[in-house]
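Written below as structure tokens is the structure these notes are about.
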Ligand code: SF4
């Protein structure tokens, strides 16, 4: 099958299965790109919310996602979901980048559409590129090699003015207008990004516009129940800070944002289970005949409110997902993650009581000062949990992020992480499922997380050289 035709066919199929309010196509339209598959991008409330804000400002907004593998690298330009137009036909491309490794797909989407990913290689004949998203809260500098303009921090109030200014002015005036916005950064003019912007509460909560059976959260209308976190886990970009506090949204405001016809509702936030009225919101939604989902669960909150597990199971949850975030009690205390083994064991017992299929437990390894005894404690804990209920252990290597207390801590190293993973694999064989994140790609993520514009240039070179780990290693080693 012709690959271009396959792409268009799939776009039509995906679009025909969507519900909600379609995005408008207009004379002044921009492409809104998510550098991952449709499945992942449509499960991003931030992406959907910014697309909605742009549409409400009167602009045409056309989504674009990373095509499926079967479209292949030679399938030509990425096309928009709304009018199936090639990316290169839009004058402005906006993209939201959630984390470092999404740079790979961002570069691939631009370059397969004939748009040089490096800002320095684009001319007035190419679209302008405006970037933003969760990555900008920690380290937006590598984006500086790609973007004409960046919106650092919360873009709820700045995305629409930035896009409107593009269509109202020539490019130099547009850059002036973005630079004047809170969080507006023009990398060609300054190497130092500004502080992240913070949106006014009156604009919130963020809510989606569309839902789809093909998104990660199947047929789920997403709405924000809270923003940020009041806790202080030392590795986490979402932790509280001087300008970053937790914003709780009134249940009435959250519930009022939900369309009557939405079959399922996902309550989103970095720490949703810390919302004091979460149970009431879930009960109201379930009483109204809706399925529910919650984007983040803390094990201590689940352990102290057993009704939470009961409601989620009634609503169709099959997996109870919780995080330990460090292999031992000692390290959890060191990183201020106030979760104890007793909370995790209580969650396993609740999963058994309410007949969840399994528990999924997240942890980080390779933390500063971690020793063999910490990993041995994790093995014992997982064995104890598995004796209560089936468990999968998802393991991510620690990656230091800027703007956190552990920003200067070292990445443990590929060999050290791989040897820890080998111990876990051997010790937990037949006990629990192990879902490790690659140590090599965690190293790439760590390089990008600490990097600058030259690192962004290296990312583009790595993707051009094929995007395999060896290409990234060479490109990162060759930075200026
Ligand atoms: S890991 Fe979770 S609880 Fe800790 S600061 Fe981040 S969002 Fe909050």
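All of the numbers you see were taken from the coordinates with simple rules; none came from a lab. If you're wondering where the values come from, they're calculated on a predicted model, not measured in any experiment. Note that we place each Cβ from the backbone using ideal geometry, even for glycine, and neighbour counts take in every protein chain shown.
Of all DSSP-defined beta bridges confined to the chain, some 20% are antiparallel rather than parallel. When both the stretch 219-269 and the stretch 78-153 are represented by their alpha-carbon centers, they are found 27 Å apart.
Placing dummy labels 7 Å off each Cα toward the beta-carbon, the span from residue 240 to residue 192 is 2.9 nm.
In the P(r) worked out for the stretch 353-417, what percent of Cα pairs fall beyond 20 Å? Tail fraction, whole percent: 41. For the chain, the orientation-averaged shadow of the C-alpha convex hull comes to 21.9 nm² (one quarter of the hull surface). Modelled this way, with points 7 Å down the Cα-to-C-beta line, the labels at residue 200 and residue 12 are 4.5 nm from one another.
The spread of Cα positions in the stretch 3-185, taken along each principal axis and listed from longest to shortest, comes to 42, 33, 31 Å. What is the log10 of I(q)/I(0) for the stretch 219-296, computed with the Debye formula using one identical point scatterer on each Cα and no solvent, at q = 0.14 Å⁻¹? For the requested q values the scattering log ratios are -0.45.
Annotation: extensible slack from residue 305 through residue 464 equals 52.2 nm (criterion: 0.36 nm per residue apart, minus Cα-Cα distance).
Note on the stretch 357-480: Rg/Rh from Cα positions, Kirkwood definition for Rh, rounded to two decimals, is 1.05.
Size descriptors for the stretch 1-107 (Cα atoms only): Rg and Dmax, in that order, 13.1, 39 Å. Estimated from the Cβ-Cβ distance and a Förster radius of 35 angstrom, the FRET efficiency linking residue 452 and residue 416 is about 0.85. For the pair residue 334 and residue 125 in one chain, pulling the backbone fully straight at 0.36 nm per residue adds 70.0 nm over the alpha carbon distance. For the pair residue 479 and residue 83 in one chain, pulling the backbone fully straight at 0.36 nm per residue adds 138.6 nm over the alpha carbon distance. In this structure, residue 256 and residue 387 have a Cβ-Cβ separation that, at R0 = 41 Å, corresponds to a calculated FRET efficiency of about 0.35.
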